[in-house]
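Here's the structure, in structure tokens; my notes come after.
The values are calculated or read from the model by the stated rules, or taken from the named source; none is laboratory data. Note that the coordinates shown come from a computational prediction; the quantities given were computed from them, not determined experimentally. A quick note on method: Cβ atoms are made from the backbone with ideal geometry, for glycine too, and the neighbour counts reach across all protein chains shown. Accessible surface areas use protein heavy atoms only, side chains included; no ligands, DNA or RNA. Shrake-Rupley method; radii C 1.70, N 1.55, O 1.52, S 1.80 Å.
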Amino acid sequence: MYRALVPHVATIQDIKDETGAGDVKTFTVAIDDAEAAAGFRHRPGQCAMVSLFGAGECMISITSPPTRGPQLQFAIKNAGRVTGLLHEAEPGQKIGIRGPYGNGFPVDAWHGQRLLFVGGGIGLAPLRSVINYCLDKRELFGDIDIVYGARSPQDLCFKEELLEVWPSQPRTRVHLTVDRGDGQWQGPVGFVPAFVEEIRPAAGGTIAVTCGPPIMIKLVLAAFERLGFADDQVITTLELKMQCGVGKCGRCNVGPKYVCQDGPVFSLAELRRLPAEY
Amino acid sequence: MSVGEQSWKPTIVAFCCNWCSYAGADLAGTSRLQYPATVRIIRVPCSGRVNPQFIVRAFQRGADGVLVAGCHPGDCHYSTGNYYARRRFLLATRFLEYLGIEPGRLWVRWISGSEGHKFATVIKEMSAALERLGPNVKLREGAL
Amino acid sequence: MTAWLDALRDHVREFLSEPGVDVFIGYRAGRRGREVPAFLTRPEQASGLVLGPAASGALAKYVLEEAAGTTGRLGVLARGCEALSLQRLVRDLRVERERLHVVGVPCAGVADLAKLEASLGALEKVESCGERWLVTAGGNRHDVDPSQFMEERCRDCASPWPQQCNISFGQAVMSPASPDYSTVAALEALPADERYAFWIRQFERCLRCFACRQVCPACSCVECSLDLVDPPWLGREITVPAQAMFHYTRALHVAGRCVDCGQCQKVCPVGIPVALLNRKLARDIQELFDVQNPFVPGEIEPLGKFRAEDREEFM
Amino acid sequence: MATPAYKIDAGRLPAVLDDLARHRQVITRMDRDGVNVFARYTGDMPSLRGNGAVSAREHFLPRMEKIHGYQLAPGEVRLSPAGPVEPAVLFGARPCDLAALELLDRVLLEGEFLDTAYQARRAATVNMALACDSAGPGCFCRSVGVSPAGTAGSDVILYPSGQALLAVATTARGAELLESLGLPGAAKDEVDRAQDACEQLVVPVAVETGPVTARLGQRLDDPYWAEASRRCLGCGICTYICPTCYCFAVHDINRGSQGARVRCWDSCMFKDFLTMAGGHNPRPTRKERFRQRFLHKLQYYPEQYGSPLCVGCGRCLDKCPAGLDMAGVIMDLGGGQ
């Protein structure tokens, strides 16, 4: 039996509709077996294989930080067959969880640095894990700037944290933008990459982390370059189709690197050495 | 669970067109005509909707026989769907036999909405014929 | 050396000099005695064109990829089966006939290279010479009888001479034969259980590599039902019922459109007699629907039309 | 002390196979409708000429393998383990196929997450290799460091000598197995002659991978990939017959309220191998997929493990419908004639 591919049975504890439109839901999940739950220790930025028995598996980033209890959270966009069926699930449903997989963010190397997080849409999910981790260990890190954009005010994920929790933390600023406003929206309107340049974050002593749709990442990376960030100061994540999560099925490689094991977190310096097959 | 030889009854999957054959089956029911209860009816818009893949899928999932039932030629609700179906199942019937499925596992019949009696008769005849053939094991999915 | 080859090269050279021409698909010499598909884009490449018994005969399907996203004209070298394959793609609206420049050439059968290698050793060259083949293998030259080493599918070829070409070269070498349905008939004569055992034994070897589909000129769907995950008609499972579903579906989907090029069976890496499925359907189509030649693409294919008086033998 | 050698006369082969099959399954090569396949020995004579149409890896990495079963009930799911692995003897695989196992071991049996199913089959299988005294038309094993008499991955090596097979153990468990069979001994000079004949065997195709691997890193945008892949049909033959390909997919198969999660072979040559929900595909055309397969074998794997991911079995040379094969690509890229 291929033990690494056998998931832990877990129970959905809570489901939260993030956008009101039902396209992104955050699932709070507990692994049933107490020993397995205690043994599941992830680093921020790592992923897990979430499965519905009978439908299949998909790799989802763990959006809860390791600093907050044994329950795991996954913010999942309804994008395909398995995620579509997950969206139909209700609390109490049994699912499969295996992992954690991947390298996660190199948070230990960030001590004393200023942090700039730039996210778009569902791309905030992996960032949320590392943001909350850093806030839970606030004294280890410098100033934190969180830049986030979504298509509309309604599409902003994790609204409570964005609007209330994070802005009230020490030395922490949240900058929000939307592609299109609505009647109530008072904040900036525009795309994330241009918005980052308007904010003009200082490059010196700063780690810039970005995650979002591929086109946004591409433009944000260009913006970082114009702002004077060096390649090794810039961190992003890759998303490829994955099946095993353990570096064996031969699928998610970008050049010699397997995203499930060597990624999903890469510095821009590392990415530049890889073929652009992602 | 064990099923004795005596009590075995063939499972029939019947693809019935919405406009004629399904109405025929309905009429058989409302007329309280007796026919074997082992038939599983799947309503389709037209016999022309029945993809030959449906037949093999039914055998894979446990059917002992498959019935495709549609409107009589000339009576199709969509004018010609059953004519195309007729060609398709002329070919598919022979092809299934070529693959080694016994003749008599796939039946095609025209049953109109007023032919409740015919529906019941076809199911009775088919059931009896399948009982003589015995359970189908060919193409059957096994345990994993 | 074939007499018309120079004339063919000259013609292709001219064709490639014309404006609006994208590519000419033919064969060039490969290694180990092979002749492999070649995609010529410049006139000077025409001198590298070859066509011998080692050319495998599956050029038509390349038209799909070559025509995608471009608008220019495409030249294709075509023997009988390749010409039929091109007609198939045109009838199925996969490429406009006007974009194709079909260059017909005669065929005297394709060599079964594995068989040649098994008896003569590593191949260096296979040439046509009159009615014989000259084979250089294992350092020696052999004069061989084509009928001994011809691909099985070529033995009863009904269309060795290409039809509906823009131009053709050479003269017919083989006369058309009638498809030999004796293997189909022999299988039909078996009891159902033996027939089932025969096919299951074949299907069990299937790797699901999809080579039979990929090479088939009648399999040109943009999205293949066999790839669908939802609903999983085939899915990924590899069990006998799934293998049977695969072959049953593939054969029925090309029924009435198969041109009997035999490539599906030729490319199968595990020797499944795929064409035997196609031929059964073709023979029944001929018999049931009064189709004269079931392998020649017609205006509307036999399963796309009907007659009110069609038989009802299943009643 | 010299390793003892044993002799299996042609007439004795069935008895030896029956003996072996008494305590374990015997996987050997059989003729099925003219196709040489690896299959379980059930008393019919094996067909040991040439090589299997599909490589021996399918014994270690089956086409479909259960990961776990599941049973669903409202609010409940029960997982059941896959069945145990049977002890086996693999009889008559060629040195190339067994050398491939050592290449696969590095991927599947190293790192944080071992492929425990493969590991169990490796451990449960005694490999009796059959050295080659004749070469197939596409063989190029010597070019990738495999010998027709190579013992990598084997527990026993069998040298053909006339109609007989001479058996020499290459591992302790191979020695134990041979000893248990009660075979007559083979004379040393006969074994030496038979071994020499295999070791001296000339294989028909020769390439040089070294220079190609060194150069590939700079050749991602080489027009070669676009040109060569034009004739690729996009089928999976090369990946499925290959002894060193190991890609798989994970899939759930339902049977009503129960089913199994399985892994089955998959191919990087298929369009949907990497197509994500939403349609994005990082390797959208045949060019990228074709390039991926060859870069994996000739660049990515060698960079990590020091040798190409190829054992020169020649199957792709024989079977690719478009004449696009490993040796040809190496030569096209400057590694030989």
Can you give the direction-averaged projected area of the convex hull of the alpha-carbon atoms in the range C:33-112, in nm²? 5.6 nm²
Would you calculate a helix-derived [θ] at 222 nm for chain A, using -39,500 (n - 2.57) for each DSSP H run of n ≥ 4 and dividing by the full residue count, to the nearest 500? -5500 deg cm²/dmol
Quick note, chain D: a/c under 1.5 would make it rounded; otherwise a/b > b/c is prolate and the rest oblate (a ≥ b ≥ c, C-alpha gyration tensor); here it is oblate
Quick calc, C:Val229 & A:Ala34: beta-carbon distance into FRET formula, R0 56 Å, rounding 0.05, result 0.95
Taking every residue of C:52-65, the Cβ atoms of other protein chains inside 10 Å of its Cβ average out to 2
For chain A the mean separation of alpha carbon contacts under 8 Å (6+ apart) over residue count, i.e. relative contact order in percent, is 17 percent
Per Stokes-Einstein, at 20 °C and 1.002 mPa s, what whole-number D in µm² s⁻¹ belongs to chain C, with the Kirkwood radius over Cα pairs as the hydrodynamic radius? 103 µm²/s
How much accessible area per residue does the range D:136-274 have, counting only protein heavy atoms and a probe of 1.4 Å, in square angstrom? 37 Å²
Can you list the aspartates and glutamates whose alpha carbon is less than 19 Å from that of C:Lys305, not counting same-chain residues fewer than 8 positions off? B:Asp75, C:Asp92, C:Asp284, C:Glu287, C:Asp290, C:Glu313
Three semi-axes of the equivalent ellipsoid, the range D:23-96, Cα gyration tensor, whole Å, largest first: 34, 13, 11
Evaluate the Kirkwood expression for the hydrodynamic radius of chain A, namely the inverse of the mean inverse distance over all pairs of different C-alpha atoms, and round to one decimal in Å. 19.1 Å
Nearest 100 Å² is fine: how much accessible area is buried between C and B, summed over both sides, with a 1.4 Å probe? 3900 Å²
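In terms of the Cα gyration tensor, with a ≥ b ≥ c the square roots of its eigenvalues, is the range C:75-130 rounded because a/c is under 1.5, prolate because a/b exceeds b/c, or oblate? Don't jump to the answer; show the numbers that get you there.
Numbers: a/c = 3.52, a/b = 2.56, b/c = 1.37.
Since a/c reaches 1.5 and a/b is larger than b/c, the shape of the range C:75-130 is classed as prolate.
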Which of the listed residues, C:Gly30, C:His11, C:Gly80, is farthest toward the dipole's positive end in the range C:1-116, when Lys, Arg count +1 and Asp, Glu count -1 at the beta-carbon? C:Gly30
Before I look further, what does chain C give for accessible area per residue, probe 1.4 Å, in whole square angstrom? 41 Å²
Count the DSSP beta bridges whose two residues both fall in the protein assembly as shown, then state the antiparallel fraction as a percent rounded to the nearest 5. 60 percent
Note on the range D:38-69: residues buried by at least 50 Å² of accessible area once partner chains are added (vs chain on its own, 1.4 Å probe) come out as D:Arg63, D:Met64, D:Ile67
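Take the Cα radius of gyration of the range A:1-142 and divide it by 2.2 N^0.38 Å, with N its residue count; two decimals is plenty.
On the way: Rg = 15.3 Å, N = 142, 2.2 N^0.38 = 14.5 Å.
Rounded to two decimals, the normalised Rg is 1.06.
By Kyte-Doolittle mean hydropathy of at least -0.5 and Cα axial length of at least 15 Å, which whole DSSP H helices of chain C are selected? Mind dumping the intermediate values first?
Numbers: long enough: C:5-17 (18 Å, -0.25); C:80-91 (17 Å, 0.23); C:192-204 (18 Å, -0.88); C:240-254 (22 Å, 0.29); C:274-289 (23 Å, 0.21).
Those that clear 15 Å and a mean of -0.5 are C:5-17, C:80-91, C:240-254, C:274-289.
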Report ³J(HN,Hα) in whole Hz for each residue of the range D:260-272, in order, from the Karplus equation J = 6.51 cos²θ - 1.76 cosθ + 1.60 where θ = phi - 60°; Gly and Pro get x. 9, 8, 10, 10, 9, 3, 9, 9, 5, 7, 7, 4, 7
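Of the accessible area of the range A:35-129, with the probe set at 1.4 angstrom, what percent is carbon plus sulfur?
Values: 1520 of 3210 Å².
It is 47 percent, rounded to a whole number.
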Global size of the range A:155-259 as Cα Rg and Dmax, reported in angstrom: 16.9, 51
Which residues, if any, in the range C:212-241 lose at least 40 square angstrom of accessible heavy-atom surface (probe 1.4 Å) when the other protein chains sit next to their chain rather than the chain being alone? C:Gln214, C:Val229, C:Trp233, C:Arg236, C:Glu237, C:Ile238, C:Pro241
Describe numerically, in nm with one decimal, the distance between label points set 7 Å from Cα along Cα→Cβ at C:Arg201 and at A:Lys159. 6.8 nm
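Which of the trypsin sites (Lys or Arg not before Pro) across the range C:221-315 are loop residues per DSSP, with 11 or fewer other Cβ within 10 Å?
Details: sites: C:Arg236, C:Arg250, C:Arg257, C:Lys266, C:Arg279, C:Lys280, C:Arg283, C:Lys305, C:Arg307, C:Arg311; in loops: C:Arg236, C:Arg257, C:Lys305, C:Arg307, C:Arg311.
Sites meeting the loop and neighbour criteria: C:Arg307.
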In angstroms, what radius of gyration and Dmax does the range D:233-321 have, counting Cα atoms only? 15.3, 48
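So what is the relative contact order of chain B, in percent, for Cα pairs below 8 Å that sit 6 or more residues apart? Numbers along the way, then the final one.
Numbers: 244 pairs, mean separation 51.9, N = 144.
Once normalised by length, the contact order is 36 percent.
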Excluding ligands, DNA and RNA, what is the accessible area buried between chains D and A, summed over both sides, using a 1.4 Å probe, to the nearest 100 Å²? 3600 Å²
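Compare the peptides C:40-48, A:263-271 by average per-residue count of other Cβ atoms within 10 angstrom and give them in order, highest first.
Details: C:40-48: 14.9, A:263-271: 20.8.
Packing proxy ranking, top to bottom: A:263-271, C:40-48.
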Give me the accessible area per residue for chain A, probe 1.4 Å, as a whole number in Å². 39 Å²
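Need one word for the range C:159-271: rounded, prolate or oblate. Basis is the Cα gyration tensor (sqrt eigenvalues a ≥ b ≥ c); a/c below 1.5 gives rounded, then a/b vs b/c decides.
On the way: a/c = 2.59, a/b = 1.41, b/c = 1.83.
Oblate.
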Can you list the residues of the range B:72-89 that have at least 50 square angstrom less accessible area with all protein chains present than in their chain by itself, probe 1.4 Å? B:Tyr83, B:Tyr84, B:Arg86, B:Arg87
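Let me know the volume per residue of the alpha-carbon convex hull for the range C:12-64, in Å³. Intermediate values should be presented prior to the final figure.
Details: hull volume 3.9 nm³, N = 53.
Roughly 74 Å³ of hull volume per residue.
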Taking all protein chains as present, what is the carbon and sulfur share of the accessible area of chain D, in % to the nearest whole number, probe 1.4 Å? 50 percent
Qualifying lysines (Cα of each under 22 Å from Cα of C:Lys61; at least 8 residues distant if same chain): C:Lys266, D:Lys271, D:Lys287, D:Lys319
On the protein heavy atoms, probe 1.4 angstrom, tell me the percent of accessible surface of chain B carried by carbon and sulfur. 52 percent
Using 5 Å bins from zero, what percent of all Cα-Cα pairs in chain B falls into each bin? 2, 11, 20, 22, 20, 14, 7, 3, 1, 0
How big is the C-D contact in terms of buried accessible area, both chains counted, 1.4 Å probe, rounded to the nearest 100 Å²? 3400 Å²
Going by alpha carbons, how many degrees (0 to 90, nearest 10) lie between the helix axis of A:214-226 and the longest principal axis of chain A? 40 degrees
Mind ordering B:130-137, A:72-79, D:279-286 by average Cβ neighbours within 10 Å, highest first? A:72-79, D:279-286, B:130-137
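With an 8 Å cut-off on Cα pairs and a minimum separation of 6 or more residues, tell me the relative contact order of the range D:101-180 in percent.
Details: 86 pairs, mean separation 20.2, N = 80.
Answer for the range D:101-180 is 25 percent.
For the protein assembly as shown, what is the Kirkwood hydrodynamic radius in Å, using each pair of distinct C-alpha atoms? Present the calculation step by step, with values, prior to reporting the outcome.
Details: mean 1/r = 0.0309 Å⁻¹.
Result for the protein assembly as shown, one decimal place: 32.4 Å.
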Once each part is reduced to its C-alpha centroid, what is the distance from the range B:64-134 to the range C:134-148 in angstrom? 56 Å
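Taking each residue of D:112-123 in turn, how many C-beta atoms of other protein chains fall within 10 Å of its C-beta, and what is the average? Intermediate results must be reported in sequence, preceding the final value.
Details: counts 5, 13, 5, 9, 6, 5, 2, 2, 3, 0, 0, 0.
Taking the mean over all residues of the peptide, I get 4.
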Out of C:Asn278, C:Asn140, C:Asn293, any idea which swings most in a Gaussian network model of chain C, alpha carbons joined below 10 Å? C:Asn140
Where the only charges are on Cβ atoms (+1 Lys, Arg; -1 Asp, Glu), what is the dipole of the range C:8-58 about its Cα centre, to the nearest 20 debye? 380 debye
Tell me which lysines have Cα within less than 30 Å of B:Lys9's Cα, excluding those fewer than 8 residues away on the same chain? B:Lys118, B:Lys124, B:Lys138
Among C:Phe295, C:Phe24, C:Phe169: highest mean-square fluctuation, GNM of chain C, C-alpha pairs under 10 Å: C:Phe169
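When the Kirkwood hydrodynamic radius is evaluated over all pairs of different C-alpha atoms of the range C:234-315, what value in angstrom, to one decimal, is obtained? Spell out each step's value before the answer.
Details: mean 1/r = 0.0705 Å⁻¹.
It works out to 14.2 Å.
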Order of C:209-216, D:9-16 by packing, highest average Cβ count within 10 Å first? C:209-216, D:9-16
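Would you mind giving the mean number of other chain beta-carbons within 10 Å of the Cβ of each residue in D:224-232, as a whole number? Kindly include the intermediate steps, with their values, before the conclusion.
Working: counts 0, 0, 0, 2, 0, 1, 8, 10, 4.
The mean count of partner-chain Cβ atoms within 10 Å per residue comes to 3.
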Based only on Cα atoms, what mean projected area does the convex hull of the range D:180-337 have, in nm²? 15.8 nm²
Please give the Cα centre distance for the range C:229-257 versus the range A:168-227, rounded to the nearest Å. 49 Å
Take the alpha-carbon centre of the range D:259-312, take the same for the range D:59-112, and report the distance between them in whole Å. 20 Å
